[in-house]
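Following: one structure in C-alpha cells, then a few remarks.
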Amino acid sequence: MTLLTPLYAAIAAAIAIPTLLILYFLKLRRQDVEISSTLLWKKAIQDLQANAPFQRLRRNILLFLQLLALAAAILALGQPQFNAASLVGQRHVILIDRSASMATLDAGDGASPTSRLDAAKEAAASFVQGLREPGLIDRDAGDLAMVIAFDREAAVVQQFTGDKRKLEQAIRSITPSDGPSNLEPAVRLARAQAPKLFLPEDNLVIDGISDRWPISLQVFTDGRLPDADRATPGPSDTVVFHRLGKPDTGNLGVIALRADREFDDPSKVSVFAAIQNTFPDSKRIDVQLSVDGVPAGIKELTVPALTDNRGGTQGIAFPLSRSEGATIEVRLLQPAGTPGDPDAFSTDDRATLVIQPAKSLRLALVTPGNLLLRYALESLPQSGDPKVLSPAEYETALRSGQAFDFDVVVIDGTPIAWRDKKNTLPPGRFLVFNHLPNTIDPASLPQRPDPNAPPTPLGPVLIDRGPAGPSSVVSWRRDHRALRSVNLDTLDIFESRSIDIPQGSSAQSLAESTSGPIIVELASSESRALVVGFDPAASDWPQDLSFIIFLSYATDYLGTGGGWAVVRSSQPGLTVSDRLPDNASQLECSGPNGISVGAGLASDGSASFGPFPRVGIYTASWRGSPAPGDRSRNGRVERDFAVNLLDPLESDVRSAEQISLATQEASASQADAASVVRSLWPWLLLAALSLVVFEWYIYNRKVHV
C-alpha cells in the first residue's frame, strides 16, 4: 500500500489526535454556589475532591470510537492506494496490434477460441482499470494513458487522459485490419508525445530530453514485428511486451499469387501460387482454383515442415486459357478423410486476382525518326500500331489535351516542355530512352546544417553528370515487373550518360552499370516513367531477344497502372492506381461488407484507391465510358480488383518470446497479468462516517438511560 499525500495525513494527525485527547483530560470547571445541604449532592462532592485541572484518563468507549473515526479520516487524507504490481512512470502509452495475425484464434484452457485482438483488448482494459486515479487533493497524482492502434501504420485512438471510461471505450473501439504489423511507426508516434525543450536563443526544439516524464510503452501484440529493430524508445522509457498467442501455433497459408499471360499467346494465362507451412511436420493440402466463382481445378500439394525457424514453402501452377477478364481464386482445402490441425488463421487460406482482358495498349512514339524503336514497338503482341509523333507534334497534342489519350508514351532522346517547364514530364506514363528528364542543377540542392538530419524531400529528380562512355550492367532488379525474365548480363553499352540520384529524391535505380544507375524509375502522383540512360542503337541490346521482352514488360507495367500487369491486385494498407477513360467522373470505391475507401482522379485519367483495411474484392465505380473488361450497372461503370494478404511473415502466427528493439529488449509477459491499483480513501471515509454515527448512537443511549 502506498500513500499519495502522506504529509497532509501527518500534519492532520499531529493536530487532531492531541486535541481530542486533551478534551478528555480536562476537568469540568464549575461555578461556586451556596446551598443549605449536600445530602442530595454526593456525586458533585466526589468531583470536587480533585484539586488539579486535569483528570486521569478513564476507560471510555466514546473516546475509542472517536479515535478510530479520526484515524480513518486521517488515513483517507493520505490517499492510500493498493498496488498488485508496481507501475513505472505516470504516463502510459497502450500500443495495440490490430494486424492480420491478431485475428488468429487461440483456444484457452477449456474455453472457446478467442482472437488475439479480443484478448489484447481485454488485457488492455484490465491494465487501464489498474491505473492510479487522481487524488482527492492532488489531482495530478494519477496516471495518464493514451491508446494507439497499429498495423502497417499507427493511429492515435485516444489522447492522454486519466479518464478510465474514455480509455476503455477507445480500446473497445479498435477494429481489426488485415495489414502487416509495423512497430516503428507506433513507437515514433508515441515518442512524439514526449516533452520538448525549446531553446529560444538557438531557435531549437529538442525532443524527449526530460526524465521527469518517462513513458511506459505497453505493447499488446503476438510479437511478429519485422521492423522492431528500427523502433527507438526514449532512453528513460520502459517497454512492456504483453504477449498474445502461443509460440507453437502452426498455420498453412497462401503467401504468393501471380498470373501472367504468355508472351506469344496472350489468351493463355499461367496462375502461380506459393503455400507456406509453419507446422513442425509436413502437411498435405488440396489447392483449388476457381474462375468467376466456379471451381476450375484442384491439385494435391505436400508442403514441407518448418525448418530452422522458417516456414516450409511449396509452389503450384495452374494453366488457364482465357482472353477475357476474370476473377480467379486460389483456396486451401483440407483433403477429404484426413484428420488435420484446426485452422487458427483463416485470412490467408484464399487469395484472389482480377485478370484484365487481353487488350492492345495505345502507344505513342515521340522521336525525330528512330526506325529501330518504331519497328520494335510494332512487334509487341499487346500493342497495335504505335502513333508516331515528332517532338513538335507531341507538344501541340499536350497543349490541346489529346496527348493524354495514350496509355504509354515512348520518348526517344527528346526533351519535353510542359507548361513552360523545360525537361519536365507531363502527367502520364513514359518510357524514355537516351534522355534524362526531371534533372536539376546540383548547386540548387538544399544544404543541410546537420549531416545526420534527414534529407529534404525533392520528388522524382535526377542529376545529369554528362557523357560516361562505354559501360556494362553489373546488377539489376530482377524482381521488378518491368525487368523480370530480362537478361542484361551480356549487354554492352558503347555510349551512355552518368546519372546521379541526389539524397531526398524519390527516384529508384532499377539497373546499375559500371558508370552508376543506368535504368531509373521516376514516380509521382501524376506521372510514372522508366528512364533508360542510353540509346539502344549505341549498344548491342537490339540484337538480343531481351530487348523486345523489356519493351513488352515495360510498356505493360506502365500502361496497366504502375505494376498491376495482367492483374489488378494489392495488399492491405496500400494504395494503388489504375487508368480510367478520359470522361470518368464521380469516382467511388467500396469493398467487402460495405467498406468505403478513398478514391481520387488525376488530370491524366489515372485514379488512385485506398488504403485498403481488409482483404477481399473491391469495386471501383464511376460515371462515364467503360474500358474493355468493365461492366455497366445502374448507369455507372464498375471495375473489380483484389486485395490479398500474401505476407509470409504475417502468415507465421507463432508468437514471439521477446521483442528486440533498437535500444533494448522486451521479454514476453502474460497479457492478463496487468497491474491492479485500488484507491482505499473512499472506503476509509465511509468507515469514518460509520464510526461517527455509531458513536453518536452510544452517546445518546448513555444520556437517556
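The values are calculated or read from the model by the stated rules, or taken from the named source; none is laboratory data. Every value quoted in this text rests on a predicted model; they were computed, and no experiment measured them. Heads up, the Cβs are rebuilt from the backbone with ideal geometry, glycines too, and the neighbour counts pull from every protein chain shown. What goes into the accessible areas is simple: the full protein's heavy atoms, side chains included, and nothing from ligands, DNA or RNA. Shrake-Rupley method; radii C 1.70, N 1.55, O 1.52, S 1.80 Å.
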Could you work out the local net charge near T575, counting Lys and Arg as +1, Asp and Glu as -1, over the other residues with Cβ closer than 13 Å to its Cβ?
-> -1
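Determine the per residue accessible area of segment 263-400 with all protein chains present and a 1.4 angstrom probe, expressed in square angstrom.
Values: 6810 Å² over 138 residues.
Accessible area per residue: 49 Å².
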Answer with one residue from I355, A392, G369: the one whose Cα lies farthest towards the positive end of the charge dipole of segment 343-425, charges on Cβ with Lys, Arg +1 and Asp, Glu -1.
-> A392
Which is farthest toward the positive dipole end of segment 229-277 among G250, P235, P266, measuring Cα position about the Cα centre, with Cβ charges +1 (Lys, Arg) and -1 (Asp, Glu)?
-> P235
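From the cross-link list K121/K246; K299/K359; K164/K246; K268/K387, which pairs have alpha carbons spaced over 19 Å apart? Intermediate values should be presented prior to the final figure.
Details: K121/K246 17 Å; K299/K359 30 Å; K164/K246 29 Å; K268/K387 27 Å.
Where the Cα-Cα span goes over 19 Å, the pairs concerned are K299/K359; K164/K246; K268/K387.
Is there a quick way to get the dipole size of segment 474-514? I mean about its Cα centre, with the Cβ of Lys and Arg at +1 and of Asp and Glu at -1; what is the value in debye to the nearest 20? Please report the intermediate quantities before stating the final value.
Values: 5 positive and 6 negative charges, 53 e Å.
In total the dipole reaches around 260 debye.
Using per-residue counts of other Cβ atoms within 10 Å, averaged over each peptide, order 616-625, 464-473 from highest down.
Result, highest mean first: 616-625, 464-473.
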For segment 467-477, 3J(HN,Hα) per residue [Karplus equation, 6.51 cos²θ - 1.76 cosθ + 1.60, θ = phi - 60°, Hz, x = Gly/Pro] | x, 10, x, x, 7, 9, 7, 10, 6, 7, 7
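Which net charge results when you count Lys and Arg as +1 and Asp and Glu as -1 among the other residues whose beta-carbon is under 9 Å from that of A305? Walk me through the numbers on the way to the answer.
On the way: positive: K283; negative: D281.
Taking every Cβ under 9 Å from that of A305, the sum is 0.
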Please list 591-597, 238-244 highest first by mean number of surrounding beta-carbon atoms within 10 Å per residue.
-> 238-244, 591-597
List the residues whose amide H sits under 5 Å from the amide H of S625, counting only those 5 or more places along or on another chain, with H placed 1.01 Å from N in the peptide plane.
-> N583, A584
Of the heavy-atom accessible surface of segment 369-525 (probe 1.4 angstrom), what whole percent is carbon and sulfur?
-> 49
Net +/- balance of residues flanking L117 in space, Cβ distance below 12 Å, scoring K and R +1, D and E -1 | -3
